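Quick note: the coordinates plus some simple rules give every number you see, no bench work behind them. These numbers come from a predicted model, not from an experiment. Cβ sites come from the backbone with ideal geometry, for glycine too, and all protein chains shown count toward neighbours.
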Amino acid sequence: MLRNSPLQYSLLNFNSPSCGGRQRYQVVRGDLQDSPKFQSLRRTRLRDSMYMIKSSADINTLASSVDTTGGVYFVTAFSGLLAPYWDPAAAGMLIGLTEYTTPAHIARATLEATAFQTYAILECMQSDAGADLKQLKVDGGMTNGDVAMQILADLGGFTVVRPEMRE
């Protein structure tokens, strides 16, 4: 947990002169929830260890072939949970598997896990700021996936804005 943070959830914040002095949150790789640190690890786990996809981009294609996770849930705590949970002893788990579970259900559960963990941080930010998030500007390789971004938008009830020039 960060000491000296005035925020309830121990997230890093700063005021940006270039943004009219408005409060902004600085996401520092490894300092906040494992979503920035391990999003690619989740995808590469499906690619390199479980052989479900050939490239990280394939996860969206696979996940889009089903409408739900089929009751599968993936807790992606590969190295504990960081913000806002701060539980270094937490372990990952994949639950809800049945004889009808397919790799597509696991892929969709992986994307949902990422969205839920990202949204947990966003909820803290909204609480600290006392304002609702209307749009979320995103960037990075995972943001190329329509399914992943739609899950996040639906969960958060905001618009997800991607840059025109993507990675």
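By the scheme Lys and Arg +1, Asp and Glu -1, what is the net charge of all other residues having a beta-carbon under 12 Å from that of residue 119?
-3
To one decimal place, what Kirkwood hydrodynamic radius in Å is obtained for the stretch 72-121 from all pairs of distinct Cα atoms?
11.5 Å
If you rank 143, 114, 159, 101 by fewest surrounding Cβ atoms within 10 Å, what's the result?
159, 101, 143, 114
For a Förster distance of 22 Å, can you work out the FRET efficiency between the beta-carbons of residue 99 and residue 67, rounded to the nearest 0.05?
About 0.70, to the nearest 0.05.
How do 133, 62 rank when sorted from fewest to most other Cβ atoms within 10 Å of their own Cβ?
Fewest-to-most Cβ neighbours within 10 Å comes out as 133, 62.
Through the Karplus equation 6.51 cos²θ - 1.76 cosθ + 1.60, θ set to phi - 60°, convert the phi angles of the stretch 107-114 into ³J(HN,Hα) values in whole Hz; use x for Gly and Pro.
3J(HN,Hα) across the stretch 107-114, in whole Hz: 4, 5, 4, 5, 5, 5, 4, 4.
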